[in-house]
1. With the requirement that a residue be open to solvent by less than 10 Å² (accessible area, probe 1.4 Å) and either within 11 Å of chain A (Cβ to nearest Cβ) or assigned to a loop (DSSP other than H, G, I, E, B) (or both), what does the stretch B:147-160 give you?
2. Within the bounds of the stretch A:41-54, is there any residue that is away from chain B (no Cβ under 12 Å), among the small types (Gly, Ala, Ser) and farther than 27 Å from B:His151 by Cα?
3. Is the stretch B:117-131 home to any residue that is under 17 Å from B:Cys186 (Cα atoms) and either open to solvent by less than 50 Å² (accessible area, probe 1.4 Å) or basic (Lys, Arg) (or both)?
4. If B:Glu244 satisfies all but one of (1) open to solvent by 40 Å² or more (accessible area, probe 1.4 Å); (2) without any contact (Cβ under 8 Å) to a residue 60 or more places away in the chain; (3) part of a helix (DSSP H, G or I), what's the number of the condition it fails?
5. List the pairs whose first member sits in the stretch B:174-188 and is of a type in the set (D, E, K, R), whose second member is in a helix (DSSP H, G or I) and within 11 Å of the ligand (Cβ to nearest atom), and whose Cβ atoms are under 9 Å apart, counting only residues at least 6 apart or on separate chains?
6. Is it the case that B:Thr245 is under 30 Å from B:Pro31 (Cα atoms) and within 12 Å of the ligand (Cβ to nearest atom)?
7. Are any of the residues in the stretch A:39-54 within 30 Å of B:Asp139 (Cα to Cα), part of a loop (DSSP other than H, G, I, E, B) and not basic (Lys, Arg)?
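The values are calculated or read from the model by the stated rules, or taken from the named source; none is laboratory data. None of these values were measured; they are calculated from a predicted model. Ideal geometry is used to build each Cβ from the backbone, glycine not excepted, and the neighbour counts take in all protein chains shown. Only protein heavy atoms, including side chains, enter the accessible area calculation; ligands, DNA and RNA are left aside. Shrake-Rupley method; radii C 1.70, N 1.55, O 1.52, S 1.80 Å.
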Amino acid sequence: MHVTIEFLGQARELAGSARRSLEVAAACTALEAVQRAVDQEPPALRELLLTADGSLHTWVMLSVNDVATHDAATTLLTDGATLRLMPPISGG
Amino acid sequence: MTPPPDPSNPPGLPPLDALDRETYAWQLRLPGFGEQAQRALKGASVLVSRVGGLGSPVAMELAAAGVGRLVLAHAGNLKQSDLNRQLLMTQEWVGRPRVACAARRLREFQPRLEVVACDENLSPANAARLVGEVDVVVDCAPLFEERFAMHDEAFRQHKPVVECAMYGSEASITTVVPGRTACLRCRVPEVPPHWRREFPVLGAVSGAVGCLAAMEAIKLLTGLGSGLLDRLLSFDLASMNWNETTLARRQGCPVCGTSCG
Ligand SMILES: [Zn+2]
């Protein structure tokens with residue numbers, strides 16, 4: 001199935017653009033889709049978003065279809081889902 | 001004998017006088033606003049922490065709307081490189097305390113406004129005192145340590161916080177109401193190591209989210225409209241893409257996880 005990943009803030013800078021399209025297997029979790037997406041990106045993007053063991057940093061907000069999830073590893077995606085990754089910003 | 005209470009004149013809110021009615025004539029026409037909302041603003045006190053690119057328009061718009069008292073917290077002296085965005089500053093003030101310049105500009109603009117100028121940034125040492133002085137907090141701090149000090153204390157004191165931030169051409173804003181919404185620590189439980197004090201800023205971006213933050217504070221104080229409760233609005237002014245994300249509490253959040261249901 002087809003999903004879209006959107007990068008915001010510093011993730012967008014490191015990715016070079018805001019959006020990626022991805023083909024994933026049925027029953028793919030949000031975390032698996034993020035891991036797949038960043039595998040093809042510069043290592044700095046992976047470090048910004050994921051820990052060494054491949055889970056999402058606690059402070060990176062991930063939303064699926066505009067709803068934030070704190071449990072990327074068990075959130076199942078559906079065809080056409082949009083995932084948004086937001087490393088926190090604090091500019092004032 | 002005590003007269004019966006007049007519902008159009010609730011006790012505890014300061015009355016409007018002729019100058020108020022003239023100053024705020026255009027906003028008193030706003031549907032859902034009216035005299036009682038104006039009196040609520042007149043009687044309100046708001047903490048704006050800091051008054052740089054983001055906090056300057058927040059403070060200016062709150063002063064314009066008729067908020068009676070602003071507490072400004074911002075340490076340090078004005079630098080030349082602040083002047084691309086810090087709208088309450090002036091060129092001749094470079095080298096002198098920013099917060100004093102901001103207070104002076106606000107008083108010139110709105111002489112009836114009470115301004116409390118604190119030449120310090122929010123920290124665990126002063127958060128209880130500064131948050132304790134106000135009804136609403138607007139968080140415009142450039143460091144997560146400051147944001148955490150402010151939010152943790154606001155949660156303890158059950159005070160709402162408008163939380164806004166920017167980076168480059170992007171910005172985000174949400175409103176945190178203790179006991180009702182997810183808190184900042186649900187989203188950012190610890191200081192993210194990637195964040196650096198120096199970040200790209202275009203003043204029009206910090207100004208845009210600052211105006212939105214002032215509107216959120218006005219809504220909290222008056223009951224106008226509906227606020228960004230458990231809604232994170234994020235936008236990129238370069239592409240004009242706007243998103244809204246529904247937020248949820250984090251199980252085991254270090255701040256709100258146990259004490260509210
Ligand atoms: Zn929380």
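1. B:Arg147, the sole residue that qualifies.
2. yes
3. Within the stretch B:117-131, none of the residues are under 17 Å from B:Cys186 (Cα atoms) and either open to solvent by less than 50 Å² (accessible area, probe 1.4 Å) or basic (Lys, Arg) (or both).
4. (3)
5. Filtered contacts from the stretch B:174-188: B:Arg185/B:His151; B:Arg185/B:Asp152; B:Arg185/B:Phe155.
6. No; evaluated as a whole, the condition is false for this residue.
7. yes
To keep it simple, each residue is scored yes or no on (1) in contact with a Cys (Cβ under 7 Å, 6 or more places away or on another chain); (2) outside any loop (DSSP other than H, G, I, E, B); (3) surrounded by 17 or more Cβ atoms within 10 Å (Cβ to Cβ); (4) within 12 Å of chain B (Cβ to nearest Cβ).
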residue	(1), (2), (3), (4)
A:Ser21	no, yes, no, no
A:Leu31	no, yes, yes, no
A:Gln35	no, yes, yes, no
A:Gly80	no, no, no, no
